[in-house]
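Working notes, structure below.
The values are calculated or read from the model by the stated rules, or taken from the named source; none is laboratory data. Because the structure is a prediction, the values reported are computed rather than measured. Cβ sites come from the backbone with ideal geometry, for glycine too, and all protein chains shown count toward neighbours. SASA here: full protein model, heavy atoms, side chains in, ligands and nucleic acids out. Shrake-Rupley method; radii C 1.70, N 1.55, O 1.52, S 1.80 Å.
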Amino acid sequence: QVQLVESGGGLVQAGGSLRLSCAASGRTFSRQIMGWFRQAPGKEREFVATIMWSGHTDYADSVKDRFTISRDNIKSTAYLQMNSLKPEGTAVYYCGVHRSGSYYFARNYNYWGQGTQVTVSS
């Protein structure tokens, strides 16, 4: 069993920055592939970024060069640094633990946090 707790969301103006955190407990964090997803009202949960146990990262095209995913295995915490935020980035952001298959799809994650709201005003 894994417990995830996201934090760091809030209201920010377009062009601003936020840093999200995802604190994990219950399983060897350093061996997990972690992902960040977001879900806007009426839309499906979509991939944002992922980080492997090795530190390798991958990003959705819509956030590449603006967002940075990282992890601290000692603190069992994953981070998402979001810069140059846009209004279309308004959503609830979730972190998840990858189970199997492609890490681009939410159905391949078996643990999720409760989410943190990010609102970007224009």
Point to revise | Net lengthening on full extension, Trp53/Arg99 (0.36 nm per residue, minus Cα-Cα) | key: 15.3 nm
Review point. What accessible surface, in Å², does a 1.4 Å probe find on Met52, ignoring ligands, DNA and RNA and rounding to the nearest 10?
Key: 20 Å²
Point to revise | Estimated FRET transfer efficiency when R0 is 30 angstrom, pair Gln3-Ser84 (beta carbons, to 0.05) | key: 0.45
Point to revise | Selection from Ser54, Ile74, Ala91, by position along the positive dipole direction of the range 51-100 (Cβ) | key: Ile74
Review point. How much accessible area does Ser21 have with a 1.4 Å probe, in Å² rounded to the nearest 10?
Key: 30 Å²
**Study point:** Loop sites in the range 28-122: GluC sites (Glu not before Pro), DSSP, at most 16 other Cβ within 10 Å
**Key:** Glu44
Exercise for review: May I ask you to give the solvent-accessible area per residue for the range 51-93, in square angstrom, as obtained with a 1.4 angstrom probe?
Suggested key: 52 Å²
Exercise for review: For the chain, with all protein chains present and a 1.4 Å probe, just round the carbon and sulfur fraction of the accessible area to a whole percent.
Suggested key: 48 percent
Check your understanding: Which trypsin sites (Lys or Arg not before Pro) in the range 59-100 pass both tests, a DSSP loop state and at most 11 other beta-carbon atoms within 10 Å?
Key -> Lys64
